[in-house]
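Each reported figure results from applying straightforward, stated rules to the coordinates on display, with no laboratory input. Since the structure is predicted, the reported quantities are computational estimates derived from the model, not experimental observations. Positions of Cβ are backbone-derived with ideal geometry, glycine not excepted, and every protein chain shown enters the neighbour counts.
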Amino acid sequence: MKKRIHWLDLWRGIVILWMLFYHFYYDLGLFGYVSWEQVNSVLGGTNVIISSSFMFISGIASRFSRSNIRRGLQIALCALLVSIGGFVVDVPIWFGILHFFAVATILYGLVGKYLEQMPKYLPPVLYILLYIGSGMLIDTLNPVDSPLRFPFGLMYRGFSSADYYPVFPHIFVFLTGAWCGGFIQELEDGHWLYRGLPSFLTWPGRHSLVIYMLHQPVFYAILSLVQRLR
């Protein structure tokens, strides 16, 4: 059994801390403490980097999970709680990044063993082509009449979700990560990726799901309290 990949925890931790800053600054905009022009200027397109990093890392982690189906169901429960919380504060989340992770992880649990049998260097080429192709197809088909296709990237007119990461084309970022995870699996335990790091550097990465679940309620509580005290 492989040891824990401490450097992957470090990477995940850096991304989760970056996400905390992103969401807190975004919330400052929601509460009116900064203008949306300032929000867009500071944050720019960093959400794409953050989300893509999480997808890629999650794909790598799927190669080391004892049960991707069980892990996916656990993430699905967390995604449901996030959706409920979003509706409570009138910020609906129909298919956010946790919903995506739940579906992608369960799917990999079902078909991953077949994908792993493909020729070694075919997957990245195939996934890049499918990412581009599915993105172009979705742009061509949108909007659609059915209100039930949004998990796949097909949105109906008037669709709105505060956090939205449909299965297509994002699944191919996840699968590329899973492909890279196969190379990491082949490394010897003494490889630098497996070497220990100070716990304070890896702690955020090891507890990223808990941090994700708690950070927005904490931010909302703090900003609401400050707003009432003004």
Legend entry - Scope the stretch 179-194; condition without any contact (Cβ under 8 Å) to a residue 24 or more places away in the chain and in a helix (DSSP H, G or I); matching residues: Phe183
Inset, instruction - Tell me which residues, restricted to the stretch 149-177, are part of a loop (DSSP other than H, G, I, E, B) and either among the hydroxyl-bearing types (Ser, Thr, Tyr) or within 25 Å of Asn68 (Cα to Cα) (or both). - result: Arg149, Gly153, Ser160, Ser161, Asp163, Tyr165, Pro166
Inset, instruction - Check Ile75, Ile93 and return the single one that is hydrophobic (A, V, I, L, M, F, W, C), in contact (Cβ under 8 Å) with a residue 60 or more places away in the chain, within 22 Å of Phe21 (Cα to Cα) and surrounded by 15 or more Cβ atoms within 10 Å (Cβ to Cβ). - result: Ile93
Legend entry - Set Phe152, Phe174, Phe168, Phe159: member being out of contact with any Gly (no Cβ under 9 Å at 6 or more places or on another chain) and within 17 Å of Ala104 (Cβ to Cβ): Phe152
Legend entry - Neighbours by Cβ (under 6 Å, 6+ apart or cross-chain): first from the stretch 121-145, closer than 13 Å to His170 by Cβ; second of a type in the set (Ser, Thr, Tyr): Tyr127/Thr176
Legend entry - Whichever residue in the stretch 102-155 is β-branched (Val, Ile, Thr) and touching a strand residue (DSSP E or B) at 6+ places or on another chain (Cβ under 9 Å) and, among such residues, is farthest from Ile60 (Cα to Cα): Val144
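Conditions (1) surrounded by 13 or more Cβ atoms within 10 Å (Cβ to Cβ); (2) within 30 Å of Val88 (Cβ to Cβ); (3) in contact with a Phe, Trp or Tyr (Cβ under 8 Å, 6 or more places away or on another chain); (4) not hydrophobic (A, V, I, L, M, F, W, C), marked per residue:
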| residue | (1), (2), (3), (4) |
| --- | --- |
| Leu130 | yes, no, yes, no |
| Gly133 | yes, no, no, yes |
| Met136 | no, no, no, no |
| Pro151 | yes, yes, yes, yes |
| Met155 | yes, yes, no, no |
| Ala178 | yes, no, yes, no |
| Asp189 | no, no, no, yes |
| Leu193 | yes, no, yes, no |
Inset, instruction - Return yes or no: is Tyr26 outside any helix (DSSP H, G or I) and more than 21 Å from Leu201 (Cα to Cα)? - result: no
